[in-house]
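Student: Below are the structure tokens for one structure; questions will follow.
The values are calculated or read from the model by the stated rules, or taken from the named source; none is laboratory data. The structure presented is a predicted model; accordingly, all values stated were derived computationally and were not measured. Don't worry about glycine lacking a Cβ; one is built from the backbone with ideal geometry, like all the others, and counts go over all protein chains shown.
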Amino acid sequence: MKALVLILDSLPLGFLGCYGNDWIDTPALDRVAAEGVVFDRHYSDHPDSKAARRAWRTGRYAFPLLEATSSTMVESPGDLTRLLRDAGIPNSLIVENRQSGTDSSDWDAVSRIDSENEGVHAAVRLALDRLASGEHRLVWIELASLLPPWNPREDIFDRYYQVAAEGADEIEPVGPLTQLPVGGLAPDDEPGFLRLQSTYGALVTQLDERVQELLDELTRRQLLDDVLLLVTTDRGVALGEHGVVGDKRPCLHSELVHLPLLMRWPAGAEAGRRVQTLTQPVDLMPTLLAAFGVNVPVVHGHNLVPFLRSEEKLVRQYACSGLRRGQALEWFDTYAEWSFLLPLCGDPPRGPQLYAQPEDRWEVNNVIQHHLELAEDLERTLREFVQDPH
């Protein structure tokens, strides 16, 4: 087995065509989805760069608790890279220099690249050289193209801005942003919202072009059908959808916690399948181990390989998440029919929120006043799970 994991940092699910976006061009990622398996309900357990990488490698949750310095993290029974090495399977990490959340320890080989296009071209060539060098290997690439500072192409931005501003009143032409304007966004700041969304859309399309280069090179080297290609992200990003931009405070809405997860099996097996069961980043470690035929230790995550073959229907009944920013803390859980958000502390304070799923996909209508007893049950379950994950 050869596996290529592609981490596209801070990639919002709602910006991809394969997840329903109809105004941002992502043909390469849409191709991976069409030729692979799409996980429609993949949720972060801790939408933080370092926390996501810990979950991928250990298969264990680490929810932030009420005490500012505590979490549920306990020692893991194994680490992905060490377990692969013990099984004789080499692994390699290729990461952009500006990605600060990556733990480069315990990889067999680590290569750091610059963030310019030529650096990414070199990363692609290096990754495929390594994939071609043996029968079994894991190559892990992390691209930070969506992280500031930004350099969006103005022609793409202009096209998206025109589409986004269609029908809006008195929207003046503007240029793209070069930095994420972290902070609040007023509900009536339509020009600011459109500019931010169009800038990010342009960046996502540019990132998709890099993915296309990777697919082209895999095809040219006749490796595409020999490789398990897994594409995901560490977290989404708040871009004003709920009045918050960036990491000003915890805001555990879908734009931050609902993540893309695509898996293209060798030779495109099971192409076109969409999996509706709830999955989380802790599932990647046992899934990759199982794909390589390595025994999976007891962890919080679940092996998703059977879902690639439609042999299973349910991983978990609900998925939980937690995030602390400064003194503010929020927890979140989602089910087949509901999503519940529990702000625990922060300034300004926010009350609990309940959203019907899947019809209120982007969590616009808080219906908690109509389902108070249900909200109490969901809060009780959430608190119990965060204290003792299983």
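Student: Please enumerate the residues belonging to region 327-352 that are touching an Asp or Glu at 6+ places or on another chain (Cβ under 9 Å), under 14 Å from Val244 (Cβ atoms) and not aliphatic (A, V, I, L, M).
Tutor: Correct list: Pro343, Gly346, Arg350.
Student: So, in region 56-70, how many residues would count as being in a loop (DSSP other than H, G, I, E, B) and charged (D, E, K, R)?
Tutor: The number of residues fulfilling the criteria is 2.
Student: Is it the case that region 43-55 has a residue that's surrounded by fewer than 22 Cβ atoms within 10 Å (Cβ to Cβ), in contact with a helix residue (DSSP H, G or I) (Cβ under 6 Å, 6 or more places away or on another chain) and not in a strand (DSSP E or B)?
Tutor: The answer is no, given that none of the residues of region 43-55 is surrounded by fewer than 22 Cβ atoms within 10 Å (Cβ to Cβ), in contact with a helix residue (DSSP H, G or I) (Cβ under 6 Å, 6 or more places away or on another chain) and not in a strand (DSSP E or B).
Student: Only residues that are over 22 Å from Glu255 (Cβ atoms) and modelled with pLDDT of 90 or more: list them for region 171-212, please.
Tutor: Passing the criteria: Gly175, Glu209, Arg210, Gln212.
Student: Could you grab me the full set of residues in region 15-31 that are surrounded by fewer than 23 Cβ atoms within 10 Å (Cβ to Cβ), assigned to a helix (DSSP H, G or I) and either out of contact with any Ser or Thr (no Cβ under 8 Å at 6 or more places or on another chain) or hydrophobic (A, V, I, L, M, F, W, C) (or both)?
Tutor: Scanning region 15-31 gives Cys18, Tyr19, Pro27, Ala28, Asp30, Arg31.
Student: Mind listing whichever residues of region 176-200 are not aliphatic (A, V, I, L, M) and not in a helix (DSSP H, G or I)?
Tutor: Residues satisfying the conditions are Pro176, Thr178, Gln179, Pro181, Gly183, Gly184, Pro187, Asp188, Asp189.
Student: Can you tell me which of Val139, Val182 is more than 18 Å from Leu239 (Cβ to Cβ) and either within 21 Å of the chain's Cα centre (by Cα) or surrounded by 11 or more Cβ atoms within 10 Å (Cβ to Cβ) (or both)?
Tutor: Numbers: Val182 fails: more than 18 Å from Leu239 (Cβ to Cβ).
After ruling out the rest, the residue left standing is Val139.
Student: In this structure, does Gly59 turn out to be closer than 25 Å to Ser310 by Cα and more than 16 Å from the chain's Cα centre (by Cα)?
Tutor: So Gly59 fails the test.
Residue by residue, here is whether (1) modelled with pLDDT under 95; (2) over 28 Å from Tyr335 (Cβ atoms) holds:
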residue	(1), (2)
Met1	yes, yes
Pro12	no, no
Ile24	no, yes
Pro27	no, yes
Ala33	no, no
Ser44	no, no
Lys50	yes, no
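Student: Filter region 247-274 down to residues that are surrounded by fewer than 22 Cβ atoms within 10 Å (Cβ to Cβ) and among the small types (Gly, Ala, Ser) and give me whichever is farthest from Arg41 (Cα to Cα).
Tutor: Ranking the qualifying residues of region 247-274, first place goes to Ala267.
Student: Can you find even one residue in region 25-39 that is in contact (Cβ under 8 Å) with a residue 60 or more places away in the chain and within 12 Å of the chain's Cα centre (by Cα)? Step through it out loud before you land on a result.
Tutor: Let us first name the residues in region 25-39 that are in contact (Cβ under 8 Å) with a residue 60 or more places away in the chain, namely 25-29, 31-39.
Now narrow it down to the ones that are within 12 Å of the chain's Cα centre (by Cα): 39.
Scanning region 25-39 turns up at least one residue that is in contact (Cβ under 8 Å) with a residue 60 or more places away in the chain and within 12 Å of the chain's Cα centre (by Cα).
Student: Tell me, please, whether a residue that is among the acidic types (Asp, Glu), crowded, with 16+ Cβ neighbours inside 10 Å, within 20 Å of Tyr43 (Cβ to Cβ) and out of contact with any helix residue (DSSP H, G or I) (no Cβ under 6 Å at 6 or more places or on another chain) can be found in region 376-390. Give the steps one after another, and end with the answer.
Tutor: We begin by selecting, within region 376-390, every residue among the acidic types (Asp, Glu); these are 376-377, 379, 384, 388.
Still in the list and also crowded, with 16+ Cβ neighbours inside 10 Å: 379.
Narrowing further to those that are within 20 Å of Tyr43 (Cβ to Cβ): 379.
Okay, now just the ones that are also out of contact with any helix residue (DSSP H, G or I) (no Cβ under 6 Å at 6 or more places or on another chain), so 379.
Scanning region 376-390 turns up at least one residue that is among the acidic types (Asp, Glu), crowded, with 16+ Cβ neighbours inside 10 Å, within 20 Å of Tyr43 (Cβ to Cβ) and out of contact with any helix residue (DSSP H, G or I) (no Cβ under 6 Å at 6 or more places or on another chain).
Student: Of these, Gln353, Gln327, which one is among the polar types (S, T, N, Q), in contact with a Cys (Cβ under 7 Å, 6 or more places away or on another chain) and farther than 18 Å from Asp388 by Cα?
Tutor: Gln327
Student: Just checking, does region 267-279 include any residue being touching a Gly at 6+ places or on another chain (Cβ under 7 Å) and basic (Lys, Arg)?
Tutor: For region 267-279, residues touching a Gly at 6+ places or on another chain (Cβ under 7 Å) and basic (Lys, Arg): absent.
Student: Separate question: Anything in region 83-121 that is loosely packed, with under 14 Cβ neighbours inside 10 Å and either touching a Pro at 6+ places or on another chain (Cβ under 8 Å) or modelled with pLDDT of 90 or more (or both)? List them, or say none.
Tutor: Asp86, Ala87, Gly88, Ala109
Student: Considering every residue within region 220-232, establish whether at least one is within 16 Å of the chain's Cα centre (by Cα), under 18 Å from Ala51 (Cα atoms) and either part of a loop (DSSP other than H, G, I, E, B) or among the charged types (D, E, K, R) (or both).
Tutor: No, there is no match, as no residue in region 220-232 is within 16 Å of the chain's Cα centre (by Cα), under 18 Å from Ala51 (Cα atoms) and either part of a loop (DSSP other than H, G, I, E, B) or among the charged types (D, E, K, R) (or both).
Student: Can I ask one more? Kindly provide the set of residues from region 342-356 that are outside any loop (DSSP other than H, G, I, E, B) and out of contact with any Ser or Thr (no Cβ under 9 Å at 6 or more places or on another chain), ordered by number.
Tutor: Correct list: Leu342, Pro343, Leu344, Cys345.
Student: Checking Ala164 against (1) assigned to a helix (DSSP H, G or I); (2) free of Cβ contacts under 8 Å to residues at least 40 places away in the same chain, only one condition comes out false. Which one?
Tutor: (2)
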